[in-house]
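Below you'll find the structure, written out as structure tokens, and then a few comments.
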Amino acid sequence: MSDELPGDRARVAQDHHLTVGPTVLRMLVGAQLRRFREDAGISTEDAGYEIRGSHSKISRMELGRVGFKERDVADLLTLYGVTDPDLREPLLELAEHANTPGWWQRFGDVVPAWFEPYLGLEQGAVVVRVYEVQDVPELLQTPDYARALLTARHPEARPEEIERRVDLRMRRRRVFDRSRPLRLWAILDEAALCRTVGGAATMLGQIEHLAEMAALPNITVQILPFTSGGHAAEGGRVTLLRFAEPELPDVVYLEQLTGALYPDRTSDIARYRDVLNRLGVQAEPPDRTRELLRTALSRLI
């Protein structure tokens, strides 16, 4: 167990709030509130009553799924017996920063409400592991490839709307430009390389870009070939996010056509983590990725 006090962790997170982002900050504040409540032996029902809410509101706060009112956080800390200013003040300031809109909210016209939480999680993660079936993972896409995909998925959208969506997708790649860049481990089904998106020239550029990204020390790309047969992730795309803060659990993200799921039971998260581990063993090793990408390129030339 760390010798850090909760107030120390809050100050560290506060110092990094511009890079961590509001979504992860809400999760941090919620985790601290849950720890204080459990240490005090207070139920979610009693905590909800204290702030004129319900136990479900307390649960949403502790999971970081809602913003925070300063009065609510202050009242809860008092209820939990947290009176030391060195513990209270950093958490109250952290809660204030957690209410600051993320940069992606400027794209609210093209970001559905169910996708916005994921953007915050992605920007705050230190590791993202993804298995992708049909397409190249979004963080590894070129503008032309992304544009072709988005045009196919939103045939009713005007060209300027498509460009807004492409711009958003490209801005997400800034996680690789941080002083400590995101570590990405991507496993692609071979189908993602065989499906020609946007024409041969677009696909050629995409595979070349994929090879360049796979050569970076913080990015691992593996290919799951057709010859591998059945596998543990036949249900579809899986994304798992990990954070630097030890009190935050891994997050599993399962995207659907008009929504997303976040399985949060410990056993479910462990199951998806195991699935990704097994895919990593079943897929071709990373040192074969460049060779497999060259083979995919040869089919386009």
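The values are calculated or read from the model by the stated rules, or taken from the named source; none is laboratory data. As the structure is a computational prediction, the values presented were derived from the model and not from experiment. Neighbour counts run over all protein chains shown; Cβ positions are idealised from the backbone, glycine included. These area figures cover heavy atoms from the full protein model, side chains too; ligands, DNA and RNA do not enter into them. Shrake-Rupley method; radii C 1.70, N 1.55, O 1.52, S 1.80 Å.
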Conditions (1) open to solvent by less than 20 Å² (accessible area, probe 1.4 Å); (2) modelled with pLDDT of 95 or more; (3) hydrophobic (A, V, I, L, M, F, W, C): number failed by ALA214: (1)
Meets criteria (of a type in the set (S, T, N, Q) and either at pLDDT 95 or above or outside any loop (DSSP other than H, G, I, E, B) (or both)) for THR220: yes
Extreme residue, surrounded by the fewest Cβ atoms within 10 Å (Cβ to Cβ), among residues of the stretch 249-301 that are among the β-branched types (Val, Ile, Thr) and modelled with pLDDT of 90 or more: VAL281
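Those residues that are surrounded by fewer than 18 Cβ atoms within 10 Å (Cβ to Cβ) and in contact with a helix residue (DSSP H, G or I) (Cβ under 8 Å, 6 or more places away or on another chain), I need them from the stretch 27-41; list them, please.
If the condition is that a residue be surrounded by fewer than 18 Cβ atoms within 10 Å (Cβ to Cβ) and in contact with a helix residue (DSSP H, G or I) (Cβ under 8 Å, 6 or more places away or on another chain), then ARG35, ALA40 are the ones that fit.
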Filter result for the condition that a residue is out of contact with any strand residue (DSSP E or B) (no Cβ under 8 Å at 6 or more places or on another chain), on the phi < 0 side of the Ramachandran plot and in contact (Cβ under 8 Å) with a residue 60 or more places away in the chain, over PRO155, PRO159, PRO246: PRO246
Flag for THR227 being at negative phi, in contact with a Pro (Cβ under 7 Å, 6 or more places away or on another chain) and open to solvent by 40 Å² or more (accessible area, probe 1.4 Å): no
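Do we have any residue at all in the stretch 33-42 that's of a type in the set (Val, Ile, Thr), under 29 Å from the mean Cα position of the chain (by Cα) and closer than 23 Å to PRO249 by Cα?
no
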Residues satisfying the stated conditions in the stretch 192-210, i.e. open to solvent by 20 Å² or more (accessible area, probe 1.4 Å) and either in a strand (DSSP E or B) or not basic (Lys, Arg) (or both): CYS194, THR196, GLY198, GLY199, ALA200, ALA201, THR202, LEU204, GLY205, GLU208, HIS209
Positions within the stretch 105-133 being open to solvent by less than 20 Å² (accessible area, probe 1.4 Å) and more than 13 Å from the chain's Cα centre (by Cα), in sequence order: PHE107, VAL110, VAL111, TYR131, GLU132
Only one of VAL111, VAL133, VAL166 that is β-branched (Val, Ile, Thr), modelled with pLDDT of 95 or more and within 22 Å of THR258 (Cα to Cα): VAL166
Residue tally, condition surrounded by fewer than 18 Cβ atoms within 10 Å (Cβ to Cβ) and within 21 Å of the chain's Cα centre (by Cα), over the stretch 139-156: 1
Condition met for PRO159 (buried (at least 17 other Cβ atoms within 10 Å of the Cβ), in contact with a Ser or Thr (Cβ under 9 Å, 6 or more places away or on another chain) and of a type outside the set (Phe, Trp, Tyr)): no
Members of the stretch 187-218 that are out of contact with any Pro (no Cβ under 6 Å at 6 or more places or on another chain) and over 13 Å from ALA296 (Cβ atoms): ILE187, GLY198, GLY199, ALA201, THR202, GLU212, MET213, ALA215, LEU216, PRO217
